[in-house]
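Remarks on the structure that follows.
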Amino acid sequence: QVQLVESGGGLVQPGGSLRLSCAASGSILSSDVMGWDRQVPGKQREMVARIQSGGYRTYADSVKGRFTISRDNAGKTVYLHMNSLKPEDTAVYYCKFVRGVQAYWGQGTQVTVSS
C-alpha cells in the first residue's frame, strides 16, 4: 500500500508561482510512475504532468512551458513547480502514483489563482 501526502497549495496572484510537493510512503520502485492530476468542481479530473523512470516527463498542453515536474533521487517525493499561473489553473491538485494497473491518489491540495 502506498500513501501520498501533498503540500504546497494556496492562494496566488495571476503570474505568480507555487511549488507542490508529494511525499510517498511505502515501497517505491524507480519504475513507478508519479505525477499530478487536477480537478475543478463539476469537471472531470485531468492529467497535469507525469514523470517516469529515466526522467521521462509528460505534460498537459495547457501547462507546457509553465509547469515542471521533478522527483528526488530516492524517488519518493515528486514536485510540481508552477510558474506563470493563470486563473484557469485554479483546481484541487492530486498527486498520483501508478504501478502497473494499480493507481493511488493523495487527498488533494487546493490551488487558487486570483487577484
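Residues in region 28-41 that are in a loop (DSSP other than H, G, I, E, B) and modelled with pLDDT under 95: 6 in all. Reported count of residues in region 46-103, each being of a type in the set (Lys, Arg) and in a strand (DSSP E or B), is 5.
Is it true that Gly55 is modelled with pLDDT under 95, open to solvent by less than 50 Å² (accessible area, probe 1.4 Å) and farther than 17 Å from Trp105 by Cβ? Yes, satisfied. All but one of (1) under 17 Å from Pro14 (Cβ atoms); (2) free of Cβ contacts under 8 Å to residues at least 60 places away in the same chain hold for Val78, so report the exception by its number. Tallying (1) under 17 Å from Pro14 (Cβ atoms); (2) free of Cβ contacts under 8 Å to residues at least 60 places away in the same chain, Val78 fails exactly one: (1). Each residue in region 1-27 was checked for being part of a loop (DSSP other than H, G, I, E, B), without any contact (Cβ under 8 Å) to a residue 60 or more places away in the chain and either more than 18 Å from Gln107 (Cα to Cα) or open to solvent by less than 30 Å² (accessible area, probe 1.4 Å) (or both), and 1 of them qualify.
Restricting attention to region 82-99, does a residue exist that is modelled with pLDDT under 95 and more than 12 Å from the chain's Cα centre (by Cα)? Yes, that holds for at least one residue.
Within the option set Thr77, Thr109, being touching a strand residue (DSSP E or B) at 6+ places or on another chain (Cβ under 7 Å), within 23 Å of Val2 (Cβ to Cβ) and surrounded by fewer than 18 Cβ atoms within 10 Å (Cβ to Cβ) holds for one residue only, Thr77.
Taking the numbered list (1) open to solvent by 40 Å² or more (accessible area, probe 1.4 Å); (2) in contact with a Cys (Cβ under 7 Å, 6 or more places away or on another chain); (3) among the polar types (S, T, N, Q) in turn, Ser62 passes all entries but (2).
The values are calculated or read from the model by the stated rules, or taken from the named source; none is laboratory data. Values in this document were obtained by computation on a predicted structure and should not be read as measured data. Cβ coordinates were reconstructed from backbone atoms using ideal geometry, including for glycine residues, and neighbour counts include every protein chain displayed. To get the accessible areas, we keep the full protein, side chains included, count just its heavy atoms, and leave off ligands, DNA and RNA. Shrake-Rupley method; radii C 1.70, N 1.55, O 1.52, S 1.80 Å.
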